[in-house]
Amino acid sequence: MRITLGAVIEKPKTEWDVEAAISTYNVEGWGSGYFTVNATGNAEVRPLLEGGGSIDILEVVQEARERGLGFPLVIRFQDLLRHRVQSVNRAFQSAMNEFGYLNHYRGVFPIKVNQLREVIEEIVDAGQEFHFGLEAGSKPELIAALAMHKDLESLIICNGYKDRAYVRSAMMGRRLGKSIIIVVEKIEELQQTVRIAKEMGVEPHIGIRVRLHSKGSGKWTTSGGEDAKFGLDTANLVAASELLKKEGLSHCLKLVHFHVGSQVPDISTIKRAVREAARYYAKLAKLGHALGYLDVGGGLGVDYDGSRTSFDSSTNYSLQEYANDVVWNIMDVCDSEGVAHPAIVSEGGRAIVAHHSVLVVEAFGSIEKNAVSARVPPLETDHKLVRDILDLQQKLRRNNRRESLHDAQQIKEEAQQMFSLGLLDLESKAKLETVYWQIAEQIVSLHRGLRYVPEEVKELETSLSDQYICNFSVFQSLLDHWALGQLFPIMPIHRLNTPPERNGTMVDITCDSDGKISKFIDLQDVRETLPLHKIVAGEMYYLGVFMVGAYQDIMGDLHNLFGRVTEVHIFLDPDEESGWYIEEVIEGSTIGEVLALTQWDKIELMRLVKLQVDAAIKSDRLKPNDAMKLLADYERGLQEYTYLSLGEKTASVPSSNGSEPVLL
């Protein structure tokens, strides 16, 4: 894929306004109506679209600051989560009504997408009116689903490889009257399920995962196709059918399932897979099985970049188009086969949870290539290379800009070689590099506004970008970005009524060079920098990473022992002065908690440090009073938040209404 800087259409700085900010960050594209920029220049969320109030995200940040909560901070908009559950269900209902589909929709939420209890509780509650169920892919997920599942008309779909304990747990749910369907991945699982069901005296509800010929698209293309990890091929489907008939359980086959991958960007992929699966469903029904459900699996994507294309981080279809195509294609195939329409099941978890969660991080410093902008005066004692690059800077004009770039690069390279050989002093190297970056900035400026900008100049502009140091860990909070190159919408959550003066990337506080974000969404391709504002001394600059509700909470790791971040749950309430309130706060991990996860016992750590303190007292290196203070400080340190504690004394929070910042 060709990586470009992206030609974002912006108004001239003299004409900058809120609309320019919305255009620059393409908020209308990826925001799906949920996110915008308000008149004060702050990011705003509308959890119920036009059906409810709005929330200024900076005001939530201010409230969190006043409560003394640590950052980074995950903000969950619970009303938005409910709205997404309703939207998915209503999209399928609308499609079925439009086409005259003769059955119903029974969606399930795949717990693996976000396993947090508060998220699952909200989804189950919001989905109750639709008989919306749950999908489990492991024993722990099934145990959680059994407890959360209360509606006997909704489903629990059991996916993944299964052992005896997994199947027994599912059968226990069947004995409680729950609609639990065990989706078998291989013949041995079917045999095991039949055996355990007979032992427990329970009639099982069985599903079969079909290995389709159709392959997925996007980053998860290997989830489908004939070489996929899961599913039965045609020969094994026939064998499974014969096995159930032999056991007198042919009527227990209730569901056909398939999956072509997560975040499928191209609707044509979904259409092909649905038609193929519907054909398998119809043929199995004709073999005499009392089927009732066709599960189209996951794959329903969300448009992270707002381009409405088949690019990996986008989708070329809407939620309603997805529902329409699934319903119509199943109906068309079943009608042609003379088979009754099945109840449709889908497992589109990303489309439900992605939008509801925003990660807010503090940008507390920046590394600038051209930070030293003072003029470098020529001196008679200057090294020849310094004199050469100063002369080059003086002669730089529009008509020789590209030649000057090549000459400056040559001088810089020669300087590095001479420095490595010990032939160039440190002061001369510093002068030369300062002038080089000044020339580079001038050359980039001389190319702005041109229809064609050479690739080497684009690369130079990227090199000139600042690195914004942000208080978070990519590996904990945005693992999909590091591991898969997943793009997320990112923009400042305030100061958007003023033009961004800089271009930058984001680096985290881990000690790993991969702990950075240097790829950003763009309508054309991928931006390598993000338009940002200059950090004001003594004032915190907040960046929001949007649409992080799917997978990121669970898949984060403990690199550098940065644990879970603090989160707040927000609900709309018209009776509140602000129109919203914080319903729950979940504190982030403390140092002691993450150490315990890696087998460090807090009491043992305290004991070991106390031994050293006692030894320091005995050797007269510490006075007893000072030693006890030191020990108390160490103990307090175990209760500290793992991330940096910024802004308690000197930094201020920008006001959302234009008044003076609030000193913390």
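The values are calculated or read from the model by the stated rules, or taken from the named source; none is laboratory data. Bear in mind the structure is a predicted one, so any value in this text is a computation, not a measurement. Reconstructed Cβ throughout: ideal geometry from the backbone, glycine too, with neighbour counts over all protein chains shown.
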Where a residue in the stretch 521-542 is of a type in the set (Phe, Trp, Tyr) and its partner, wherever it lies, is assigned to a loop (DSSP other than H, G, I, E, B) and at pLDDT below 95, with Cβ under 6 Å and at least six apart: Tyr541/Ile535
Do we find a residue being in a helix (DSSP H, G or I) and either in contact with a helix residue (DSSP H, G or I) (Cβ under 6 Å, 6 or more places away or on another chain) or over 20 Å from Pro531 (Cβ atoms) (or both) anywhere in the stretch 31-50? yes
Selected residue (criterion: farthest from Ala126 (Cα to Cα)) from residues of the stretch 350-399 that are polar (S, T, N, Q) and surrounded by 13 or more Cβ atoms within 10 Å (Cβ to Cβ): Gln393
Restrict the check to the stretch 528-539 and report whether at least one residue is modelled with pLDDT under 95, in contact with a Leu (Cβ under 7 Å, 6 or more places away or on another chain) and not hydroxyl-bearing (Ser, Thr, Tyr). yes
Would you check which residues across the stretch 265-288 are over 34 Å from the mean Cα position of the chain (by Cα) and not aromatic (Phe, Trp, Tyr) and list them? Arg279, Ala282, Lys283, Leu284, Ala285, Lys286, Leu287, Gly288
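Scanning the stretch 179-191 for residues that are outside any helix (DSSP H, G or I) and modelled with pLDDT of 95 or more, which turns out farthest from the chain's Cα centre (by Cα)?
Here the residue is Ser179.
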From the options Ser313, Ser268, residue that is on the phi < 0 side of the Ramachandran plot, outside the structural domain of Ile180 (by TED's automatic domain parsing) and not in a helix (DSSP H, G or I): Ser313
Give the residue, chosen from Glu188, Glu141, that is without any contact (Cβ under 8 Å) to a residue 24 or more places away in the chain and among the acidic types (Asp, Glu). Glu188
Tally of residues being closer than 17 Å to Glu185 by Cβ and of a type in the set (D, E, K, R) across the stretch 279-301: 1
Yes/no for Glu660 being under 41 Å from the mean Cα position of the chain (by Cα) and at pLDDT below 90: yes
Selected residue [modelled with pLDDT under 90 and either crowded, with 17+ Cβ neighbours inside 10 Å or out of contact with any Asp or Glu (no Cβ under 9 Å at 6 or more places or on another chain) (or both)] from Glu433, Glu456, Glu427, Glu461: Glu461
Provide a single number: the residues in the stretch 289-322 that are over 25 Å from the mean Cα position of the chain (by Cα) and closer than 20 Å to Asn159 by Cβ. 6
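Would you be able to tell me the number of residues in the stretch 88-115 that are in a helix (DSSP H, G or I), crowded, with 17+ Cβ neighbours inside 10 Å and small (Gly, Ala, Ser)?
Filtering the stretch 88-115 down to residues in a helix (DSSP H, G or I) leaves 88-99, 111-113.
Okay, now just the ones that are also crowded, with 17+ Cβ neighbours inside 10 Å, so 88-89, 91-92, 95-96, 111-113.
Applying the additional criterion that residues be small (Gly, Ala, Ser) yields 91, 95.
Looking only at that region, the number is 2.
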Across the stretch 437-453, the tally of residues that are in contact (Cβ under 8 Å) with a residue 24 or more places away in the chain and either closer than 14 Å to Arg398 by Cβ or of a type in the set (Gly, Ala, Ser) (or both) stands at 6
Looking at Ser473, is it surrounded by fewer than 22 Cβ atoms within 10 Å (Cβ to Cβ) and either over 22 Å from Ala20 (Cβ atoms) or in the same structural domain as Phe35 (by TED's automatic domain parsing) (or both)? no
Among the numbered criteria (1) at pLDDT 95 or above; (2) assigned to a helix (DSSP H, G or I), which one does Glu118 miss? (1)
Could you give every pair whose Cβ atoms fall below 8 Å, whose first residue belongs to the stretch 149-175 and is over 19 Å from Pro110 (Cβ atoms), and whose second residue is in a helix (DSSP H, G or I) and basic (Lys, Arg), counting only separations of at least 6 or pairs across chains? Asp163/Lys139; Ala165/Lys139
Of all residues in the stretch 332-356 being in contact with a Gly (Cβ under 8 Å, 6 or more places away or on another chain), of a type in the set (A, V, I, L, M, F, W, C) and in a helix (DSSP H, G or I), the one that is farthest from Ile570 (Cα to Cα): Ala351
Taking the stretch 585-628, which residues are over 30 Å from Gln476 (Cα atoms) and in a loop (DSSP other than H, G, I, E, B)? Ser619, Asp620, Arg621, Leu622, Lys623
With the requirement that a residue be among the basic types (Lys, Arg) and in contact (Cβ under 8 Å) with a residue 40 or more places away in the chain, what does the stretch 70-97 give you? Arg76, Arg82, Arg84
Flag if Ser217 is within 24 Å of Val302 (Cβ to Cβ), polar (S, T, N, Q) and either modelled with pLDDT under 95 or surrounded by fewer than 24 Cβ atoms within 10 Å (Cβ to Cβ) (or both): yes
Please count how many residues of the stretch 433-467 are within 24 Å of Lys519 (Cβ to Cβ), among the small types (Gly, Ala, Ser) and over 30 Å from the mean Cα position of the chain (by Cα). 1
What single numbered condition from (1) outside any helix (DSSP H, G or I); (2) surrounded by fewer than 20 Cβ atoms within 10 Å (Cβ to Cβ); (3) among the polar types (S, T, N, Q) fails to hold for Gln320? (1)
Out of the residues in the stretch 121-169 that are part of a strand (DSSP E or B) and touching an Asp or Glu at 6+ places or on another chain (Cβ under 7 Å), state the one that is surrounded by the most Cβ atoms within 10 Å (Cβ to Cβ). Glu135
Tyr452 being assigned to a strand (DSSP E or B) and not assigned by TED's automatic domain parsing to the domain that holds Ser314: no
